[in-house]
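Undergrad: Here it is: the structure, laid out below.
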Amino acid sequence: FCGMSMDAGDLPLDKWTAAANICDEDVDGDPRYRVSAMLNSMASHSDNLKTLSLACGAMEIDDVGEAWPLVGSDQPSVAEITDDDIVSIAGNYKFNRHVSMGDLVNSVTGTYPEPDELWSPVGYKEQTDPALVTLDRRTRDVSIDFPQVPYKAQAEQLASVYLLENRF
């Protein structure tokens, strides 16, 4: 109904099932990821996927005729790239291994809906690293709200994942 007018047979069910199974994995007695959201059939397919992806630290993989989520968890290595695999091309190419200071984040804050507070937005614990703040010489804060995650620990974990991903 909300699936880009794709036939059910075109859905890569094995990949979506694997993503759902990762979300259902037991982590300290609770599922790894849980979501509380309403998908809107009037919204774009991309907006609905972003809602779900934000709740499980996922990114969307687009392949020829297929799309599926890669859920935020440890993933097995599928390939290794060595210097022999890199094609040497003559030319003026520049590589910068550093992210610009304007794009770096060392603190993530935001809200999640707290069921005990009548689903009002409540702040989760700031995710930061004092060593990164010292290195950057100032706080570089970003706010990420998780309106579809009514679990404080999961909101904090997702914020921590974003912080680490930004600094990778």
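Undergrad: Within the accessible area of the chain, what % is carbon and sulfur when the probe is 1.4 Å and the other protein chains stay in place?
TA: Numbers: 6630 of 12240 Å².
Carbon and sulfur together cover 54 percent of it.
Undergrad: Additional query: Which residue, 70, 52, 39, has the most motion in a Gaussian network model of the chain that connects Cα atoms within less than 10 Å?
TA: 39
Undergrad: Output wanted: per-residue J couplings in Hz (rounded whole) for the range 31-41, from phi through Karplus 6.51 cos²θ - 1.76 cosθ + 1.60, θ = phi - 60°, x for Gly and Pro.
TA: My calculation for the range 31-41 gives x, 4, 9, 9, 9, 10, 8, 9, 7, 9, 5 Hz in order.
Undergrad: I've got another one for you. Can you tell which of 21, 48, 40 shows the greatest fluctuation in a Gaussian network model of the chain with Cα springs below 10 Å?
TA: Answer for the Gaussian network model of the chain: 40.
Undergrad: While we're on this one: Using a Gaussian network for the chain with springs between C-alpha atoms less than 10 Å apart, which of these wobbles most: 111, 51, 82?
TA: Between 111, 51, 82, it is 82 that shows the largest mean-square fluctuation.
Undergrad: Give the relative contact order (percent, whole number) for the chain; include only Cα pairs under 8 Å separated by 6+ residues.
TA: 21 percent
Undergrad: Using only helices, what value at 222 nm comes out for the chain when you add -39,500 (n - 2.57) per DSSP H run of length 4 or more and divide by the total residues, to the nearest 500 deg cm²/dmol?
TA: Rounded to the nearest 500, it is -8500 deg cm²/dmol.
Undergrad: Under 12 Å Cα to Cα from residue 152, which aspartates and glutamates show up? Leave out anything in the same chain fewer than 8 places away.
TA: Cα-Cα hits under 12 Å: 114, 116, 126.
Undergrad: Go through 49, 11 and list them by solvent-accessible area, largest first, probe radius 1.4 Å.
TA: These residues rank, largest area first, as 11, 49.
Undergrad: So with the 1.4 Å probe, I'd like the accessible area per residue for the chain, rounded to whole Å².
TA: On the way: 12240 Å² over 168 residues.
I get 73 Å² per residue for this part.
Undergrad: For the chain, how big is Rg over Rh, using alpha carbon atoms and the Kirkwood form of Rh?
TA: Rounded to two decimals, Rg over Rh is 1.02.
The values are calculated or read from the model by the stated rules, or taken from the named source; none is laboratory data. These numbers come from a predicted model, not from an experiment. Side chains included, ligands, DNA and RNA excluded: accessible areas come from the protein's heavy atoms. Shrake-Rupley method; radii C 1.70, N 1.55, O 1.52, S 1.80 Å.
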